[in-house]
1. Among the candidates P61, P76, P106, single out the residue that is in a loop (DSSP other than H, G, I, E, B), touching a Ser or Thr at 6+ places or on another chain (Cβ under 6 Å) and either of a type outside the set (A, V, I, L, M) or without any contact (Cβ under 8 Å) to a residue 24 or more places away in the chain (or both).
2. Working only within segment 125-140, note down all residues that are surrounded by fewer than 21 Cβ atoms within 10 Å (Cβ to Cβ) and either part of a helix (DSSP H, G or I) or aliphatic (A, V, I, L, M) (or both).
3. Name the single residue, out of those in segment 153-193 being among the small types (G, A, S) and at pLDDT 95 or above, that is farthest from H127 (Cα to Cα).
4. Name every residue in segment 29-58 that is touching a residue at least 40 places away in the same chain (Cβ under 8 Å), farther than 17 Å from M114 by Cβ and either surrounded by 21 or more Cβ atoms within 10 Å (Cβ to Cβ) or within 15 Å of the chain's Cα centre (by Cα) (or both), in order of residue number.
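The values are calculated or read from the model by the stated rules, or taken from the named source; none is laboratory data. It should be emphasised that the depicted structure is a prediction, and the values quoted were computed from it without experimental measurement. With ideal geometry, Cβ positions are generated from the backbone for all residues, glycine too; neighbour counts draw on all protein chains shown.
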Amino acid sequence: MSRAFKSELLHDDMKVGIYGGSFDPVHRAHRHVASTALKRLDLDRVWWMVSPGNPLKAHAPAPLEDRVAAIQTMMPEPGHVVSTLEKRLDTRTTIDLIRHLQARHPRVHFVWIMGADGLASFHRWKHWQAIAHRIPICVIARPGSAMKARLSPAARFLSQTRKPDTQAKTLVLGTPPGWTYLTEPLHAEASRLLRANATS
C-alpha cells in the first residue's frame, strides 16, 4: 500500500472535502480550489479523487498514474490526499462514490468541493439532485464562470439552501442540502489551454 493510500484512513468526526475530477492536467487553479476549501472550511483533509475518466468529456484522459503523480508533486503539504478510489470501485459516477464513502464512514463529515465551472454543469451530472441531498457542496469561484454558475439550473434549484460565505465553516457539519460560494483571488489557468499548449 502506498503512502498516499495509507493517508486515506479516516477517523470519527473528521471533516473531509472530496475534490473530484480528471485533473488532466492538474494546474494552479486546481491547487487554488483545494487550498481555499481546506482553509475556509477548516477541513482535516482534502481528498483529490482522481477519476479514471469524465463521462461529460469527449477526450480520453492521460494515464491515471501520471495524473496521480502530477498532483502529488504539486500538493506535497499535509492535508491533501490523492486517491484512485473511483477506479478501485469501478465507478465513474459521483453518486456511487458518495454512497460508498458515507456507508463506510458514517461518522465522518464529508463535503463536496468544486470550482464554479463545475456548478455551471452540475445539472448534467447523473442524479445531481440526489447528490445535493446527500452531501454539502462548496463552490470556489473560477475566472469567467461566476455568472454562468450563479444562473445555472443547479444554483436556482438550490437557491434556498445557500449559506453565506461567513458561515462556510459550519457547512460541513450541516444537514444537506446546503452549499456555499467562496470567492478568493483567482487563477485563470484552464486544463484545455494547457493541453493545447502541450501539442502546439
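1. On the way: P76 fails: touching a Ser or Thr at 6+ places or on another chain (Cβ under 6 Å); P106 fails: touching a Ser or Thr at 6+ places or on another chain (Cβ under 6 Å).
Residue meeting the stated conditions: P61.
2. So the first thing to find is which residues in segment 125-140 are surrounded by fewer than 21 Cβ atoms within 10 Å (Cβ to Cβ), and the list is 125-130, 133-134.
Matches in segment 125-140: W128, Q129, A130, H133, R134.
3. A168
4. Listed by number, the list holds a single entry, P52.
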